[in-house]
Structures are given as C-alpha cells and as structure tokens.
Amino acid sequence: MKKSLAAVVAIRLVQVASSASEIIKGISYGPMPCKQPCFVSQDDFFSQSAKPMWGERGRGDLKVIKQLGANAVRLYGNNPENTHRDFLDEAQELGLRVIPGLSDYDFIQSPANCITSDFNCYQQVRRSYKELLQKGLLQQGRYHPALHEIIVINEPDLKLPGIHEPHSFCRGILSAVDAMLDAEKDMNLTGPGINFTVAFSFAVCTGCPEFSSKPALGQMAILRAAFRNPELVGYSPKNNMTKFYTERFHNSFNTANPAAHLPDMFLTGYQQEFPHTPVMIQEYHNPHGEVKKDLMEMLQIVQDFPLLNGLSFFEFHKRYDKGGTELDFGMFQLGDFSVTNFDYFGDIFQAWCLVPAESKTGELLPEALATAYGGMHMDYAEFCVPDPRKVSLTAEGYISIAQQDRPEKLRVFVERVISHLGGKVSDTTELNRFARSFDRRIRGTAVGQPDHFRPFGTMISELQQKPSWTSWTDTGASCIADRDSHAPAVGSAVGDACRQLQDFQCHEVPEECKSNIWDVADYVFGVYYAQRGGNLPLEHCYFNGSARLGSEPKVLAETKSACVVPTTWRPRRRLKSDDGDLAFEGLPLESLDVEEEAAWLLVPALLAGVAATGAMGVIMAWCRSHSADAGLTESMSSPVGEKPITIQVVPVASHQSVASLVSVASTMDLATENE
C-alpha cells in the first residue's frame, strides 16, 4: 500500500524528533600516512590495507576517535574492489556510526568518468556501488548496522564541473543515485535502505535560480527541484526520484565558518525552505578562533535547530600531502615514533604516532574536542612510546617495554605471551612477581659490558614449563590467522610459510578455503604448525603477529571448520618409482599416527606387485614355448634401444581399500602376436 505524502512527512518528522537525542558528533577521517607531499595508489583508508592505522593492533585510530567522545566517523575515498567489512565491524563494536562516501574516481578521475558521458554517471556508479555492497556494506541482504548514511559525492558544486553549471552537477547526482538504487536491487536488498546525502560546499551558487546570495541553500534548492522533475536537468531516471527524495534523502554541507554565523547565514532560511528534510555539517572546523568555545556553541545550535542533526569535526590529523592552508586543520600531527610499518597497496609506510596539534589560540585540539564532545582526556605522551599491547612478541618487543621501567607494562606484555602460548593467568600476584623478575636491569659484570635484562628466551623457557599460577586448557589447538592482523601482512606470511612447507604445496589448499586470504592462511598456518609437531606456538604459530592459536570459541567462530587444520594432520604420502613416476599416491596415510600402521596399507599393493610379476613370468614362459612350436626364431626380448617391458604397480587409494593396476609396456603387442 502506498503511503500518502502526509504520512511520509509525519514519519520524517518523527525521525527528526527521535534523532534530537542522538546528535551526531563525528570526526572526519582521511589519514594520509606521510609527513610530506606524497602519492598513494588508493585513498581507501577504511580498507584492510589501512588497518595498521585504524585497527586496535596498530595505531588504534578508531579507538582514539571513540575515546574523544565522537559517535561517528566520516570517510572519503574508497576502492570498491577492497573489502570494508572489518572496518565496519570494529566501528560497530566500538559504538561508532560510519558515514562513507563514494570515491571521486567514477565522477572525475577515471578515463571514462562522468564528465566524458555529459555528467550522466549511471553506468559508472552502478557497477562500483554494486561492488561496494558486495564488499562489506551489505550482509545477508541488509545494510551493515554500523552504517549511518552514504555520501553520494563530496562538494559536487566545486568539481562536477563547478558551481557555475548547476544543471550539470544535479544531473550527475541524480544519475548516481538512480544507479545506487538499481545496484541495491541487483544485490537483492531486503532490509531498509539507509539515507543518502550530498555534501555541498558553503559557496554561494550565483547560477542557481533560488537563494543566489545564500551559501549552500541555492544548491540544495535546485537539487530538490531536479529530484522532483528530473527532466529539468536533462535526465530520465529508472526509479522514482521524488519518492526517494522524500523518504531517504538528507542534505549536508561543509563549512569553516564560526558557529555564530550559521543561524543567520543558513539555518533560519533552511528551516523555512526545508521543514521536513534533516541536514548535517559533514566538515566543521573554524581554525581562526577558540575551538572549544566554538564547538560548544555549535553543539548548542544543533540542540536549538532540530533539523540540524549533527556535525563532523574536520579532521583527524593533518594532511601534509596537501600543504598550505590545509595544515590549519587536523587535531593531531604525526610524531617521530613509528607504531609499525605496513604495506599499503604495494608501498611501505609508517604508522607514525599521534601528537596533539595546537590551535592558533594555543589550545590542544584533541582536548578542546574531548571537552565539547564529552570524551576522555588522555595521556598523549603514551601515544609515542612502545605499547605492550601492540609490540611484537619478540626479544626486540620485550626490550622496548622493559626499558621503560614500568612494571605494569611488562606485566601486560607477559600476559600477552602467555595467551599466545595457549595459557591464561590464574594468579595475578604471581604474574606480578614473575614480571618484576624480568623488569630489573642486571649490571654488566665485565669492563665495558652494559646493563641488560634477563633474556627473552629465558622468559619463554620458564613459561613453557607451565608454572602453577597459569592454566592451560587446550594444548592441541590449531594454528590460524590472527584477525587482528591485516590482510597484506597475512598474505606475506602465507608466502613465507608456503616456501618452507614440506610434502605439501600451497596450491593443494582445498577449494572451499580459497575464497579469501584469511581462510587460506588458516589452512596454510595449520599445516605449517602441524608439520612442526603442533608445539612451540611462539616459534611456529606467530609469523610476526599474523598467526595465533585457535584456542577460544570466540576466535574459532570467525573461521571455517574445514579450513582449521588439526595438529594431527599428516601429509599425503607419495612413493616414487626409480623413474621418478608417482607409484603410490593418495593413500590415506594422513589419518595414521605411526609409521608402522602406515606401512600396513602398503601390503596389498606389494602383494599385487608380486602377483603381477608371477603372472607375467607365466605369460612369458608360455609365449616362448608357443613360439618354439611354431618354428619362430624371433625372441621375445625388446629390440635394441627400445624400452624393455616394465611392470608398474599403482595403487589407487580410498579410505575403504587399496587397488592395484598392472600395466605392461612393450614395443610388441602380445595380443596382436597371439592372433
């Protein structure tokens, strides 16, 4: 049954009222990983490749955003070929809403961009948005619960092609939305559709028929007219654009103006002209005044204007690659301590630590934001020293923590080591005592010998003795990929493991475990660990943080059971003949524990070989006798230079029986000779 316009308006008013208590307090996030002008092949900062920046094992940007009091993160570019599920999952776990935007690639950057198709973006966007839906935005036919809304395009009035051609940028927007709606149908969207928005600049559209002297309002008014009458901008839609605009569209804009300017410049006129359409500020930061005061005033304005449902502070850290006035923005600078290095689409970057930036009035920007947003005030000095929750479980990682002379940090490190070895701490008092024994510096006894700490190897050796203050519930756990790592690192570790495996080639990974790098890694790491006896997990199931034991149900829940290899796994045996041919292949030896049991499976094959040899002897004797009776002088031996008669026994194994196949090869066809 179709809703009446009044019903739709009523629903929207309820949505606006209910959102008043859910003000969006976002942070705009585009963390270019360099401290100078640089180039990246992809600006997809919510992909797996950027996880060393946003993930908890890395710099932990999403957690920092949450601690600052934000409840949303606004994103920019992306590559539809990359998966974004992990970012959305982590944001959801932290209670953050995600506002991604479509990439500029289809609109202005690709060789076949929208400009080349007269600003009709349908074909370009339908293909890419469908792939975005496949790569994480949808799950089981519904939008991911972390998603808040989708920004169709950022500042189209400045680039598609510009503010002087409003019909062109409106045609581009309508065709893109039309394509996104059809992509939802292609993917069989069954849940409710989320809202779409367009983030306009705060420029004045002098070429727009209405509000030609008011920032952003002119763009919003002509776009509304285009949704109601697409022919106005020369577009013929495949979907009902008026219905979409009424039910699923929000307005947005970006501004650096002070909060005090916005009521008169924009909000009063907006409420009168768009009484049923919510609006959000997708980029907000006035860099020329007191930031804390301005933000608190802005949040009060959000309370006073119900249609304004929030803002996103611009931006997380400085964009050194842009330079110029862009350096006026960004809460954080990049420090000199590298949390980790990482492969970002083929280039190696550092995840530099975060250092609070100062406003022009001397405020620490993260502190100003945290005060306005009601967030935590953090010890930012800790951002630029090794973190025991993140350093590698190696001698180098151990020393980096021990050198800080902070027993509580070494305790965290030791507990991580125990967890990786497959144990848990049952007595924290004894854990503290154990950690302190490795926290003390040992003075050098020889001349010139520096002070040092007890060796990391000693720590591991003592923990492997399973001290009484620990518990070990599963010593036979399989080795799997660590989901807190990131895909490029895991892929590299899989390559390392494959080069070292024996009696197994990585192309033999089961087909059902080849759908993604995590499933492949589960199988390969499991085989590697099993081949090395299924013990010493820090040595054989770590791969610099890419692998871990699957000893907890929560961890195993992320895996496919068919891809988790037990530590009892054994390789398939291949017995070769003298010529190097595979004589015995496929025997189910991997299920046997001892060599003696395995040997029994060869008995039927060996007996078959003996029987075949005996049978061939009888045949040869009969042939010689027959040829003598017939007066033949040719012998049955093979001609000179030809391959002699050979007997190859090839058992074809199954779990039920071992069969043998006897083949006789000769230059003479005995059957023909005997006819």
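Just give me the residues in region 246-272 being within 20 Å of residue 174 (Cβ to Cβ) and open to solvent by 30 Å² or more (accessible area, probe 1.4 Å), in sequence order.
Hits for region 246-272 are 246, 247, 248.
Just checking, does region 258-268 include any residue being out of contact with any helix residue (DSSP H, G or I) (no Cβ under 8 Å at 6 or more places or on another chain) and of a type in the set (Ser, Thr, Tyr)?
Within region 258-268 (the criterion being out of contact with any helix residue (DSSP H, G or I) (no Cβ under 8 Å at 6 or more places or on another chain) and of a type in the set (Ser, Thr, Tyr)), the answer is yes, since at least one residue qualifies.
Test residue 179 against the stated conditions and say whether it is touching a Leu at 6+ places or on another chain (Cβ under 7 Å), modelled with pLDDT of 95 or more and open to solvent by less than 40 Å² (accessible area, probe 1.4 Å).
In short, no.
Take region 495-505 and flag every residue that is in a helix (DSSP H, G or I) and either open to solvent by 30 Å² or more (accessible area, probe 1.4 Å) or more than 23 Å from residue 391 (Cα to Cα) (or both).
Correct list: 496, 498, 499, 500.
Among 409, 424, which is open to solvent by less than 80 Å² (accessible area, probe 1.4 Å), out of contact with any Leu (no Cβ under 9 Å at 6 or more places or on another chain) and on the phi < 0 side of the Ramachandran plot?
Only one candidate passes the filter, namely 409.
Are any residues in region 121-153 charged (D, E, K, R) and in a strand (DSSP E or B), and if so, which ones?
Matches in region 121-153: 142, 149.
How many residues are under 17 Å from residue 344 (Cα atoms) and not in a loop (DSSP other than H, G, I, E, B) when one looks only at region 42-76?
Qualifying residue count, region 42-76: 8.
Check off (1) out of contact with any strand residue (DSSP E or B) (no Cβ under 6 Å at 6 or more places or on another chain); (2) open to solvent by 30 Å² or more (accessible area, probe 1.4 Å); (3) within 20 Å of residue 298 (Cα to Cα) for residue 71 and give me the number that stays unchecked.
Looking at each condition in turn, residue 71 falls short on (1).
So residue 526 passes all but one of these: (1) touching a strand residue (DSSP E or B) at 6+ places or on another chain (Cβ under 9 Å); (2) part of a helix (DSSP H, G or I); (3) exposed (fewer than 12 other Cβ atoms within 10 Å of the Cβ). Which condition number does it fail?
Only one criterion is unmet by residue 526, namely (3).
Taking region 242-283 as the search range and keeping residues that are small (Gly, Ala, Ser) and within 20 Å of residue 315 (Cβ to Cβ), which one is farthest from the chain's Cα centre (by Cα)?
Looking at the filtered set, the residue picked out is 259.
Residues that are out of contact with any Cys (no Cβ under 8 Å at 6 or more places or on another chain), surrounded by 21 or more Cβ atoms within 10 Å (Cβ to Cβ), within 25 Å of residue 47 (Cβ to Cβ) and of a type in the set (D, E, K, R): does region 506-516 have at least one?
Scanning region 506-516 turns up no residue that is out of contact with any Cys (no Cβ under 8 Å at 6 or more places or on another chain), surrounded by 21 or more Cβ atoms within 10 Å (Cβ to Cβ), within 25 Å of residue 47 (Cβ to Cβ) and of a type in the set (D, E, K, R).
Tell me, which residue of region 472-494 that is over 23 Å from residue 568 (Cα atoms) and not in a loop (DSSP other than H, G, I, E, B) is least open to solvent (accessible area, probe 1.4 Å)?
490
Restricting attention to region 324-333, report how many residues are open to solvent by 10 Å² or more (accessible area, probe 1.4 Å) and either within 19 Å of residue 199 (Cβ to Cβ) or free of Cβ contacts under 8 Å to residues at least 24 places away in the same chain (or both).
5
Residues 97, 126: which one is touching a residue at least 12 places away in the same chain (Cβ under 8 Å), more than 30 Å from residue 58 (Cβ to Cβ) and buried (at least 16 other Cβ atoms within 10 Å of the Cβ)?
It is 126.
Tell me, yes or no, whether region 154-162 has at least one residue that is of a type in the set (A, V, I, L, M, F, W, C), assigned to a helix (DSSP H, G or I), over 29 Å from the mean Cα position of the chain (by Cα) and surrounded by fewer than 21 Cβ atoms within 10 Å (Cβ to Cβ).
Yes.
Among the residues of region 342-386, which ones are assigned to a strand (DSSP E or B), open to solvent by 50 Å² or more (accessible area, probe 1.4 Å) and in contact (Cβ under 8 Å) with a residue 60 or more places away in the chain?
343, 347, 350, 352
Given the conditions (1) polar (S, T, N, Q); (2) without any contact (Cβ under 8 Å) to a residue 24 or more places away in the chain; (3) within 23 Å of residue 457 (Cβ to Cβ), report the number of the one that residue 500 does not fulfil.
Failing condition for residue 500: (2).
For region 324-338, how many residues meet the condition of being closer than 16 Å to residue 363 by Cα and either aliphatic (A, V, I, L, M) or part of a loop (DSSP other than H, G, I, E, B) (or both)?
4
Under the condition of being in contact with a helix residue (DSSP H, G or I) (Cβ under 7 Å, 6 or more places away or on another chain), part of a loop (DSSP other than H, G, I, E, B) and not charged (D, E, K, R), which residue from region 79-94 is nearest to residue 46 (Cα to Cα)?
Among those residues, the one meeting the criterion is 84.
Within region 186-245, work out how many residues are open to solvent by 50 Å² or more (accessible area, probe 1.4 Å) and at positive phi.
Here the count works out to 3.
Quick one: which residue in 392, 400 is within 20 Å of residue 59 (Cα to Cα), in a loop (DSSP other than H, G, I, E, B) and open to solvent by 10 Å² or more (accessible area, probe 1.4 Å)?
The unique qualifying residue is 392.
Among the residues of region 251-273, is any modelled with pLDDT of 95 or more, within 16 Å of residue 195 (Cβ to Cβ) and of a type in the set (D, E, K, R)?
Within region 251-273, not a single residue is modelled with pLDDT of 95 or more, within 16 Å of residue 195 (Cβ to Cβ) and of a type in the set (D, E, K, R).
Those residues that are surrounded by 22 or more Cβ atoms within 10 Å (Cβ to Cβ) and aromatic (Phe, Trp, Tyr), I need them from region 129-153; list them, please.
Listed by number, the list holds a single entry, 129.
The values are calculated or read from the model by the stated rules, or taken from the named source; none is laboratory data. Since we're looking at a predicted model, the values are computed, not measured. Here the Cβ is made from the backbone with ideal geometry for all residues, glycine too, and neighbour counts use every protein chain on show. When the accessible area is computed, the model is the full protein with side chains, heavy atoms only, and any ligands, DNA or RNA have been set aside. Shrake-Rupley method; radii C 1.70, N 1.55, O 1.52, S 1.80 Å.
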